Amino acid sequence: MTGATTRRRLKVLLPILGALALLAPLVFMWQASLVPKRFTVQEMGYPDYGVGPGAHGPGSGHGPGAAGSVSVSSLTADPARPADKEYDLTAAAATLDIGGRAVPGFTLNGSSPGPTIEAEVGDLVEVRLRNESVPEGVALHWHGIDVPNAMDGVAGVTQDAVMVGAEFRYRFVVDRVGTYWYHSHQLSHEQVIGGLLGALVVQPKRGPVGNAVEVVAVAHTYAGVKTLNGQPGDQRVAARPGQSVRVRLINTDNGPIEVWPSGEYRALAIDGTDVHEPGVVRDYSVTVTAGGRVDLGLTMPADGSPLRVQVSKGTAVILGTGDLPAPPQPVEPLNLLAYGTPRPEGLGFDPNQPDRTFEYSIGRRPGFVRGWPGLWWSINGHTFPNVPMFMVREGDVVRMHIDDNSGEVHPMHLHGHHAVVLAHNGVRATGSPWWVDSLNVRDGETYDIAFVADNPGVWMDHCHNLEHAADGMVAHLMYEGVTTPYTIGRGTPNHPE
Ligand SMILES: [Cu+2]
């Protein structure tokens, strides 16, 4: 071979090799982002055992996929116990009438929101869900209720999507009073936004105390129209002078909303948990994160004038007779970290002696998700599906440090558990225990939360901005020894986000 030939060949080869050197990592990243046509969530990503005294690896062979494991589907309420409250819910694809505008969406028993499910604490609630006409299938998640795992309603994780003509029976005990809601967890970024949802209220035994007026206000935006209980504008509720009122506000949207009454109020409960010794405040809004709830307590003025509870700009609950203009939005939201007083009995566990501590660091980075290039949400630096699987053992005291450097707010929702907020931006909580199932984490913020791993299963721990979830902002909390037989992926009917 002459020198000239070699030079000529190198001239062709070198650019090709150069291009390959540039392309190979991209091809690798692209390939790593692809998901199989059918897979279980325990095959997703990598196990994260956290740090701390209990943070050992898969000790006795109970890791993901271990033989002899407990199936999610076996984690049910007592099958022998009869139901105290029974509901039949029929899901349908429908055209909704939103203030005279036709909006494509979904109904339960012919309406959106669906019927409010009412129960007393300790009841076993049974809901028979039938899919009449939602072509992609449905599943119902009981947001904020720590149900047995098989009843959690996440298509592809705790059950298969309920296809047209099929039924699913949910059975769970409501073991705490409070304001909750239910919504589809099948294609939720379409079905929840389209109105496949409703309220769920758990009262004390023998119903509400006293003669307080009870108001359930489901805030939802249909095709850009803000509504309360499916109606745009103001919602009128009768109340007599001097009467106390409890407004149960449920944010079913993708972003946080501010709520502010025209006068004095108390924040009686957050995410279904009563605040301990909630003080009377005014001129503060309450931030309700996506998926979150607040119960506001008000007393009707003795002089017969009305009260107004403004729910973001555009909707309001007007209590009593007469009219009053929207009060100006307070500058500051109520600081729930310092609101109320600590419970003398404490939290029921010691968050300063955790068995393990996890990081849940939310970011954004360029890469591929499901083969598509883009700027994607990341969890601990990883994009879907290569995200952490937070591994716990039953009985663990778990701490989690959440930080957000993604440029946007994320409503973080852990299924099956309530977590208590220990600190926000490093500032420790001093008020009533602030228990959440949905937490508003803004860009640049940190939260330290803690919970007891007391509900075995495989649980979603995801962003409740459902567009973000659909873009892969989804991780899971998994108990060692528990596995799911259900599958997700384009080769299955199950698409939980
Ligand atoms: Cu998000």
Open item on the list: When you scan segment 162-179, do you find a residue that is within 24 Å of VAL201 (Cα to Cα), small (Gly, Ala, Ser) and at pLDDT 95 or above, even just one?
Closed with: yes
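If you scan segment 314-359, which residues turn out to be β-branched (Val, Ile, Thr) and either surrounded by fewer than 19 Cβ atoms within 10 Å (Cβ to Cβ) or free of Cβ contacts under 8 Å to residues at least 12 places away in the same chain (or both)?
Applying the first criterion (β-branched (Val, Ile, Thr)) to segment 314-359 yields 315, 317-318, 321, 331, 341, 357.
Listed by number, the residues that qualify are THR321, VAL331, THR341, THR357.
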Open item on the list: For the list (1) in contact with a strand residue (DSSP E or B) (Cβ under 7 Å, 6 or more places away or on another chain); (2) more than 20 Å from VAL201 (Cβ to Cβ), I need the number of the one condition that LEU108 fails.
Closed with: (2)
TODO: Please find, within segment 360-401, the residue that is nearest to the chain's Cα centre (by Cα) out of those that are more than 22 Å from ALA32 (Cα to Cα) and crowded, with 16+ Cβ neighbours inside 10 Å.
DONE: MET400
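Among the residues of segment 466-475, what is the count of those that are part of a helix (DSSP H, G or I) and surrounded by fewer than 23 Cβ atoms within 10 Å (Cβ to Cβ)? Working first, answer last.
Residues of segment 466-475 part of a helix (DSSP H, G or I): 466-470.
Among the residues that remain, those that are also surrounded by fewer than 23 Cβ atoms within 10 Å (Cβ to Cβ) are: 467, 470.
Within segment 466-475, residues that are part of a helix (DSSP H, G or I) and surrounded by fewer than 23 Cβ atoms within 10 Å (Cβ to Cβ) number 2.
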TODO: Could you grab me the full set of residues in segment 466-488 that are away from the ligand (no atom under 16 Å from the Cβ) and out of contact with any helix residue (DSSP H, G or I) (no Cβ under 8 Å at 6 or more places or on another chain)?
DONE: LEU477, TYR479, GLU480, GLY481, THR487
- [ ] Scan segment 46-62 for residues that are modelled with pLDDT of 90 or more and surrounded by 14 or more Cβ atoms within 10 Å (Cβ to Cβ) and report the count.
- [x] 5
Open item on the list: Looking for something among the polar types (S, T, N, Q) and in contact with a Leu (Cβ under 7 Å, 6 or more places away or on another chain) - is there at least one such residue anywhere in segment 310-321?
Closed with: yes
Task: Condition met for TYR182 (over 18 Å from the mean Cα position of the chain (by Cα), in the same structural domain as ALA77 (by TED's automatic domain parsing), buried (at least 24 other Cβ atoms within 10 Å of the Cβ) and in contact (Cβ under 8 Å) with a residue 40 or more places away in the chain) - done: no
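Only residues that are of a type in the set (A, V, I, L, M, F, W, C) and part of a loop (DSSP other than H, G, I, E, B): list them for segment 105-126, please.
So the first thing to find is which residues in segment 105-126 are of a type in the set (A, V, I, L, M, F, W, C), and the list is 106, 108, 117, 119, 121, 124-125.
Correct list: VAL121 only.
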TODO: Please identify the pairs in which a residue from segment 410-435 that is outside the structural domain of VAL147 (by TED's automatic domain parsing) has its Cβ atom under 9 Å from the Cβ atom of a residue that is of a type in the set (Lys, Arg), counting only partners at least 6 apart or on another chain.
DONE: HIS410/ARG442; HIS418/ARG176; LEU422/ARG399; LEU422/ARG428; SER432/ARG343; PRO433/ARG343
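Can you find, within segment 350-399, the residue that is modelled with the lowest pLDDT among those that are among the β-branched types (Val, Ile, Thr) and over 24 Å from ALA453 (Cβ atoms)? Please lay out each step first, then the result.
Taking segment 350-399 and keeping what is among the β-branched types (Val, Ile, Thr), we get 357, 362, 369, 379, 383, 387, 392, 397-398.
This time we only want the ones that are over 24 Å from ALA453 (Cβ atoms), so: 369, 383.
Values: VAL369: 84, THR383: 92.
It comes out as VAL369.
Please list, ordered by residue number, the strands (runs of 3 or more DSSP E) wholly in segment 363-465 having 3 or more residues that are of a type in the set (Val, Ile, Thr) and away from the ligand (no atom under 15 Å from the Cβ).
Details: elements: 372-379, 388-392, 397-404, 410-414, 419-424, 438-441, 446-452, 458-463.
Here the list reads 446-452.
Which is free of Cβ contacts under 8 Å to residues at least 40 places away in the same chain and either of a type in the set (S, T, N, Q) or not in a strand (DSSP E or B) (or both), of VAL147, VAL157, VAL164, VAL134? Steps first, answer last, please.
Details: VAL147 fails: free of Cβ contacts under 8 Å to residues at least 40 places away in the same chain; VAL157 fails: free of Cβ contacts under 8 Å to residues at least 40 places away in the same chain; VAL134 fails: free of Cβ contacts under 8 Å to residues at least 40 places away in the same chain.
After applying the criteria, what remains is VAL164.
The values are calculated or read from the model by the stated rules, or taken from the named source; none is laboratory data. Since this is a predicted model, take the numbers as computed values, not measurements. Cβ: placed from backbone, ideal geometry, glycine included. Neighbour counts: every protein chain shown.
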